[in-house]
Amino acid sequence: MTIRAKDGIVKPRLQPTLLLTHVEPKTIKQALSNPTWSAAMQTEYNALVHNNTWSLVPLPPHRTTIGCKWVFRVKENPNGTIQKYKARLVAKGFNQQFGFDCHETFSPVIKPITVRLILTLALTHRWPIQQLDVNNAFLNGTLEEEVYMTQPPGFEASDKKSRLQTTQSHLWAQTSTSFGLTSSNQLCCN
């Protein structure tokens, strides 16, 4: 009986990286203190404003709000160099109540076997394969229900009317879908 060690077959040892070249912030305070992450947050905020994702309104009586959170990721190139710093503002959609804040949650998703079939057909027929990515695709849907979200930390409204109020009295009324809402997947595909 031959074992792998006798044949010289061994798993390559991965050397742990002891020095990190980049660190993803865990808190909003850490992100706002770093100019690179601040710029990434501003880029995300500008995309949300450009897509008319919300309007600033007072909270109607007997309505609840959902919170929001900043998520930070360092996107890398295949060779390990930094491609970009990505900040994403997500709604805490797990606080939504079915039938009140959201109604339809189904999202059409391609099955892995279908992807394999298409790739196999493309290989056998030598068809070219292309890939595309739609920036902020989830922001293209229009919400059918009213969703009220708190303003994100670091980007509270700065107009005179809102400055007189506390940040909790004026909220964002979502007009289009946002990352984290339960209906975002379904509305993005329609």
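Each residue, residue 133 and residue 59, gets one label point 7 Å from its Cα in the Cβ direction; the gap between the two is 3.6 nm. With each pseudo-label sitting 7 Å past Cα toward Cβ, what's the residue 121-residue 34 distance in nm, one decimal? In this crude spin-label approximation the distance works out to 4.4 nm. Using the structure shown, select from 69/111; 26/111; 26/75; 86/111 the pairs with a Cα to Cα distance greater than 24 angstrom. Checking Cα-Cα distances, 69/111; 26/111; 86/111 exceed 24 Å.
We did not get these values from a lab; they are worked out from the coordinates using the rules stated. Remember, predicted model here, so these are calculated numbers, not experimental data. So basically every Cβ, Gly included, is an ideal-geometry build from the backbone, and we count neighbours across all protein chains shown.
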